[in-house]
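Beneath this line is the structure, given in structure tokens, with notes to follow.
The values are calculated or read from the model by the stated rules, or taken from the named source; none is laboratory data. Computed from a predicted structure; not experimentally measured. Here the Cβ is made from the backbone with ideal geometry for all residues, glycine too, and neighbour counts use every protein chain on show. Accessible surface is based on the protein model in full, side chains and every heavy atom, while ligands, DNA and RNA are left aside. Shrake-Rupley method; radii C 1.70, N 1.55, O 1.52, S 1.80 Å.
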There are 4 protein chains.
Amino acid sequence: MKIGFIGLGIMGTRMAANLQKHGHSLVVFNRTREKAEPLVAEGATWADSPAALALQAEVIFTMLAHPDAVEEAALGEDGFLRYPQPGQMWIDCSTVNPSFSRKMAVEAKARGVGFLGTPVTGSKGQAELAKLTFWVGGETSDAERYRPLLECMGNRIIYCGGPGMGASLKMVMNQLLGTAMAAFAEGLVLGESLGLSRELLFEAILGGPGAAPFLASKRERIESGNYEPADFPLRWLQKDLHLAAVSAYEAGAAMPLTNAAKELYRLAIRDGRGSEDFSAIYDYLARNQDVKPSNNGHHDQSDRSNDPTGGRLCAR
Amino acid sequence: MKIGFIGLGIMGTRMAANLQKHGHSLVVFNRTREKAEPLVAEGATWADSPAALALQAEVIFTMLAHPDAVEEAALGEDGFLRYPQPGQMWIDCSTVNPSFSRKMAVEAKARGVGFLGTPVTGSKGQAELAKLTFWVGGETSDAERYRPLLECMGNRIIYCGGPGMGASLKMVMNQLLGTAMAAFAEGLVLGESLGLSRELLFEAILGGPGAAPFLASKRERIESGNYEPADFPLRWLQKDLHLAAVSAYEAGAAMPLTNAAKELYRLAIRDGRGSEDFSAIYDYLARNQDVKPSNNGHHDQSDRSNDPTGGRLCAR
Amino acid sequence: MKIGFIGLGIMGTRMAANLQKHGHSLVVFNRTREKAEPLVAEGATWADSPAALALQAEVIFTMLAHPDAVEEAALGEDGFLRYPQPGQMWIDCSTVNPSFSRKMAVEAKARGVGFLGTPVTGSKGQAELAKLTFWVGGETSDAERYRPLLECMGNRIIYCGGPGMGASLKMVMNQLLGTAMAAFAEGLVLGESLGLSRELLFEAILGGPGAAPFLASKRERIESGNYEPADFPLRWLQKDLHLAAVSAYEAGAAMPLTNAAKELYRLAIRDGRGSEDFSAIYDYLARNQDVKPSNNGHHDQSDRSNDPTGGRLCAR
Amino acid sequence: MKIGFIGLGIMGTRMAANLQKHGHSLVVFNRTREKAEPLVAEGATWADSPAALALQAEVIFTMLAHPDAVEEAALGEDGFLRYPQPGQMWIDCSTVNPSFSRKMAVEAKARGVGFLGTPVTGSKGQAELAKLTFWVGGETSDAERYRPLLECMGNRIIYCGGPGMGASLKMVMNQLLGTAMAAFAEGLVLGESLGLSRELLFEAILGGPGAAPFLASKRERIESGNYEPADFPLRWLQKDLHLAAVSAYEAGAAMPLTNAAKELYRLAIRDGRGSEDFSAIYDYLARNQDVKPSNNGHHDQSDRSNDPTGGRLCAR
């Protein structure tokens, strides 16, 4: 079976290489050809466009940065869906919103092409070791049929439901990451403000019942104050929270904490922290600190002409 | 009737002078004697301590900066409540929290002294022109009996109920000011971000149905970017929102917006804006703006190794 | 000049009638013909579809319920933009989001049709009296040229800028209404919880510096507890806050209060208040009240086995 | 060494029994004598008041429900601090706020009595098995000297710093529990609203990187819908969030998420959920759901006379 792979970034190259290692024959496309070369050296065929790739592949993987890129690859002038082949399958591993994934499913089916939307969780290292998690949305039969391909790249293949459901589940995951990070940052700053040492706070909280496991991996960043390069840029996390908020609106769910987190990260972005790791929210909360001498409420009432009304109140 | 007046700040001196102008005989005390001199020149008697003042006055006014100062003047070593006189009355014009005012009422009554808690709204100019508003809490009979004294200093005397009720009503007023200012700032920044001119926004919004009247008085500050000296320091407004939040907790009321406003002003305080006028919340929201080149979500998925888990997820 | 009018609801019929009164010759279309009859009786021509209307009108007004209806009327199978006439103008008075309005401007221009997006503020009564406000977005020359038509229906014609700008300004207006209403409701509930009478609160707050003028018009509803039929359904207000939040995300603005308000209204919608007037947010906050006996923190520690960890903490 | 123990609730009896098992001689006091009987049967001495207990004990433990009870036991008419003995030590295990703990430290020292404030985490079962966690605040030398006593009752003795620091750290822990629970509830409701099964969500999220470990222990409650009797009543959790918010205010820290969580739990309390386990916040968010037919924004503009201004806007 010939497999097409579009999108050869840090994740995509490793994923494609793992398919290759399992003996699958590849045809590949990327915006810049350079990144394809190691795969070509191992026998992959280069295609000059998604359309050209479509003519040679039974299954097409996409691993792209954002919905616009996916839409362009699929439905653009040289999009692969413009040359649908009988029995062809498209598996989109990009992180997109649920409704976009459903829309792509409809577009694919209208052209006789099958569709699975399977966003991915995992690090560069996990991509290399084929230990990614796939959150699979699409028809059960397709999910079963193509599971062996996903197992070349990941070790946790979770079927989530129909089209868009993989994206939905990943969205909930990221909503949890974002709120947990911000709430932890608040607690840490509070604790330090009360005089507790940061080391004690880490010892007492991490590994305890109230701390999400990933927080431990942020300890080093917080201790060193080094938030770049980001594992997960704050800007992207904020985008995911926005996405969750929009989906909640559409579904009629209420998310006051998630929205509060979304706005807090936004303030941090405006303060120039968008490209840093999202754990920089701690630094944002900790650093911004009033430097002017504060009399902390012990002001002289004699200087308090606290009328914001410019005299209107009594003109009544 | 001899009247005692404790607390001769910008507001207090003007209030005391108005009592004097109406022919009342004054005995005064202040932390620093200097501020008392114009009143003394007009015939007021200086007292060396609140206690000394207590021995000469039928009615004692206090106009102090904060609850601690009030408590010290009343119950401290030289406090006036330590020398209660038969039929004596205490009228506290300081801005304090409702529970503190109720506590003072109890302390006064235990010593046979009557009590009214009447926080004040109004500017320095209004104090001078006897156009202050008094929010009166205490017994109806006391409120009626001493209304003529308040009318020497203000033109809007609002009876709010028992002890602490004046403080409660002023607290609600300030909660409205704080939320209205912050929500307006958000709308202004949104409008400008969408390309609407600030002038148009002011024209369309101020004077319209959705804008609290005091907002018009903030236009000049926002246009000039000049937030000092403050009419009403942001730090004090944030304290009032905190006070409202604490009172709401005690009363079992929910205030999600007010709490969100409280935290937004706190972030502005940490950013160094506490001593500025509270309208500086606009500037805080408008100025902090991401300066780094933003790819605004159009990032390369290839660089997205977005695993915040350090590999744990798949170790499962 | 022959004028087309699509969308003859409560507002649309009154607006069209005012155009007619000024001597303009009308051609009209509506989903149900019935509502067109009074206009037809006065000389208007009925068209069987937007497309049929397009062939007869120099200027086409649309006053429809939501973006989908606008898109269908313009670009649907029988859409009027499918039969563009030379020099034709489209004036959309529907309330839509800014980006939708910009999209319609592009679609119109691509077919040689001019476009103004002019959402409207005002009541049924104001529509009848030609006292509406128009928030105009589009090219200056078009805004000037067609101002006389708008003046047949309204007395406040505000030019806001290019396409979508009218929608932007109306969005800011509604963001202010929604936050002001919710913050006022919070203050009212707090005040009442502290023992202040509702009447006193209304007297002291409404007309004061901190209360948006429209709040006075909600007093009767709050006093009577009658929130239906709605002047402005809570559900729509929540939608407008959502729209503002999405626009803020796109523009990079932070709106923590607006988002908190959005979620509060959402909770009220889930509680069944969506179709009521948006002032029902007061009732939502006031009515939901813990009925079980509360020991308010004065609990017996002896019964407090407050370990949410199921024993994990100490297993460490 | 004779040990006094005041407060024999579910936790206190088990803690005292463990001291007894290690051979310590006890003198005990409780509001109701009945609960002391098992301890007395094993050799403990009953004291008729805290004061009577003070005369016989070198070390006094308190395990009481709230600060007021602690203050009464220590400084009330029959308070133990009224009869301080040379070299006496007071160890308060009650959950109190940091500033209260510091105040008690001052009161104790003024009478020549040592003080440790060591709030406890753990379940009834952990109390029985001597597996509690103690968060110790006070002088290092005291903490070292009395550690063996704490080790009779717990297996994790964490020195947090000076007086009040134990309370501070426990407060941060509970802030994390409260925010994590509410954010998880939001994610769960969102996921279910999007069509994901609850079972899948539990499987995918619990045990993953973004879920605090204690959440797994709430699964059964959520699946069964059974929130009583509470492990940790929602009302107490909300109190702890309030306490954190107040401490943050005093320390100048910003906590927008924590405050949003505080208000969400407050709304749930008003809806009658205060005595349920705090995981009922899920049920609160999930159950309240608009039951009226929703047209979800697809309303007829014709019925939209959305003027909340009562005509004022155009009167301008």
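Descriptive notes on the structure:
- Quotient of Cα Rg and 2.2 N^0.38 Å for chain A, N being how many residues it contains: 1.25
- Put simply, when B:202-208, B:50-56 are sorted by average Cβ atoms within 10 angstrom per residue, most first, you get B:50-56, B:202-208.
- Average partner coverage of B:215-224, which counts Cβ from other chains inside 10 Å: 2
- Antiparallel DSSP beta bridges within the stretch B:1-138, percent to nearest 5: 15 percent
- Rolling a 1.4 Å probe over the protein chains gives B:HIS242 an accessible area of about 20 Å².
- Based on Cα contacts under 8 Å between residues 6+ apart, chain D shows a relative contact order of 12 percent.
- Looking at the stretch A:113-187 alone, DSSP beta bridges between its own residues are antiparallel in about 40 percent of cases.
- Chain C comes nearest to the axis taking it onto chain A at the Cβ of one residue; that residue and its distance, in whole Å, are C:ASN259, 2.
- Qualifying lysines (Cα of each under 23 Å from Cα of D:LYS170; at least 8 residues distant if same chain): A:LYS218, D:LYS103, D:LYS124, D:LYS131, D:LYS218, D:LYS239, D:LYS262
- Column: log10 I(q)/I(0), Debye, Cα scatterers of the stretch C:104-181, q = 0.15, 0.17, 0.27 Å⁻¹: -0.55, -0.68, -1.20
- Whole-Å distance, taken between Cα centres, linking the stretch D:245-276 and the stretch A:42-116: 47 Å
- With the biggest extent put first, the Cα atoms of the stretch D:1-94 measure 29, 27, 21 Å across the principal axes.
- Set the Cα radius of gyration of the protein assembly as shown against 2.2 N^0.38 Å, with N its number of residues, and you get 1.02.
- Accessible surface of the stretch A:54-167 [probe 1.4 Å, protein heavy atoms]: carbon and sulfur percent: 50 percent
- Other-copy label distances relative to A:ARG198, 7 angstrom Cα-Cβ extension, nm: 3.7, 4.1, 5.2
- Whole-angstrom gap from the stretch B:119-143 to the stretch C:6-33, using each part's C-alpha centre: 55 Å
- Listed residues A:THR95, B:THR140 arranged by accessible area, highest first, probe 1.4 Å: B:THR140, A:THR95
- Taken residue by residue and averaged, Cβ atoms of other chains lying within 10 Å of the Cβ of A:241-252 number 6.
- Shape of the stretch B:94-139, Cα gyration tensor, a/c cut at 1.5: prolate
- A point 7 Å from Cα along Cα→Cβ stands in for B:ARG82, and the other copies hold the same point at 2.5, 9.3, 9.3 nm, listed in rising order.
- Relative frequency of Cα-Cα separations exceeding 25 Å in the stretch A:33-178, percent: 26 percent
- At least 24 Å along the helix axis (C-alpha) and Kyte average at least -0.5, DSSP helices within chain B: B:165-193, B:234-251
- Taking a ≥ b ≥ c as the square roots of the eigenvalues of the alpha carbon gyration tensor, the stretch B:228-286 is prolate, as a/c is not under 1.5 and a/b beats b/c.
- Other copies of D:TRP46: label-to-label distances in nm, shortest first, labels 7 Å along the beta-carbon direction: 6.7, 9.4, 9.5
- Annotation: the antiparallel percentage among DSSP beta bridges lying fully within chain D is about 15.
- Under 14 Å, Cβ to Cβ, from B:PRO148 - net charge with Lys/Arg +1 and Asp/Glu -1: -1
- Packing-based ranking of C:220-232, A:25-37, B:97-109 yields B:97-109, A:25-37, C:220-232, ordered from highest to lowest mean Cβ neighbour count within 10 Å.
- Interface burial for D against A (accessible surface, 1.4 Å probe, total of both chains, Å², rounded to 100): 4300 Å²
- Of the residues C:ALA254, C:ALA244, C:ALA47, the one that moves most in a GNM of chain C with alpha-carbon contacts below 10 Å is C:ALA254.
- Theoretical ellipticity at 222 nm over chain A - DSSP helices of four or more residues, -39500 (n - 2.57) apiece, nearest 500: -14000 deg cm²/dmol
- Counting, for every residue in B:2-9, the Cβ atoms of other protein chains within 10 Å of its Cβ and taking the mean gives 1.
- Per-residue SASA remark: D:ASP283, around 10 Å² accessible (1.4 Å probe; ligands, DNA and RNA not included).
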